[in-house]
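**Q** Before I ask anything, let me first share the structure, which is written out below as structure tokens.
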Amino acid sequence: MGNNMIGLKRGTVKLLKHNPRWDASFEQEKKKLKKIFGRDVLDIQHVGSTSISGMLAKPIIDIAVVVPSLKKTKRYVRALKRAGYELKNNDSRQAERLFFTKGPEVRRTHYLHIGEIEGGYIDDMILFRDYLRNHKRAARKYAELKKKLAEQYSERRDIYAKKRKRFVNMIAKKARKSLRQR
């Protein structure tokens, strides 16, 4: 399958209509990742806006990998590099995850987020995705916000991400609350 449906220059924002082939691209990567991690992987999920049908999204596939231990996962950095994933420096706020990018800076294609089971970060990504899949009004609001921010900050993904984060945190909080009420 050609990968011309995914990829975006680092630091830029361009939103596309949802493409069902994004799921196939995820499935392809999932197989590769399962081979790399073997029994050390507990779960691999498609997250982010490309995983939400109907959602406007940057054409970069976000993949969440749940592992029993981040420390042990560091031994896979070389194998991931051979598969095209590059480890990025984590800032201290996100010590509970390892973050990798795939694709050159002119055309990022995948983001790989690795976190421990019940580590919070990956859980929130999955909760956020599920909440938007099940709450169409919230999904529409998110799409509108993203569109507005993308128009304002097409060359400043850092600002786009920061301004979007408030909404993401609010939804993650609502999702956690609704989980506790079950």
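The values are calculated or read from the model by the stated rules, or taken from the named source; none is laboratory data. It should be emphasised that the depicted structure is a prediction, and the values quoted were computed from it without experimental measurement. Quick reminder, even Gly has a Cβ in these numbers, built from the backbone with ideal geometry, and neighbours come from all protein chains shown.
**Q** Taking the residues in region 144-179 that are assigned to a helix (DSSP H, G or I) and in contact with a Gly (Cβ under 8 Å, 6 or more places away or on another chain) as candidates, determine which candidate is farthest from Glu105 (Cα to Cα).
**A** In this case the residue turns out to be Asp158.
**Q** Looking for something closer than 19 Å to Val77 by Cα, crowded, with 19+ Cβ neighbours inside 10 Å and free of Cβ contacts under 8 Å to residues at least 60 places away in the same chain - is there at least one such residue anywhere in region 42-60?
**A** yes
**Q** Taking only pairs six or more apart or across chains, which ones have beta-carbon atoms under 8 Å, a first residue in region 100-124 that is over 22 Å from Lys71 (Cβ atoms) and hydroxyl-bearing (Ser, Thr, Tyr), and a second residue that is surrounded by 16 or more Cβ atoms within 10 Å (Cβ to Cβ) and modelled with pLDDT under 90?
**A** Correct list of pairs: Thr109/Ile6; Thr109/Gly7.
**Q** Look through region 113-152, keep the residues that are basic (Lys, Arg) and within 14 Å of Ser49 (Cα to Cα), and return whichever of them is surrounded by the most Cβ atoms within 10 Å (Cβ to Cβ).
**A** Pass one, region 113-152, residues basic (Lys, Arg): 129, 133, 136-137, 140-141, 146-148.
So of that shortlist, the ones also within 14 Å of Ser49 (Cα to Cα) come out as 129, 133, 136, 140-141, 146-147.
Working: Arg129: 23, Arg133: 15, Lys136: 10, Arg140: 13, Lys141: 14, Lys146: 21, Lys147: 12.
Per the criteria, the residue is Arg129.
**Q** For Arg133, which of the numbered conditions (1) within 20 Å of Val13 (Cβ to Cβ); (2) under 17 Å from the mean Cα position of the chain (by Cα) fails to hold?
**A** The number of the failed condition is (1).
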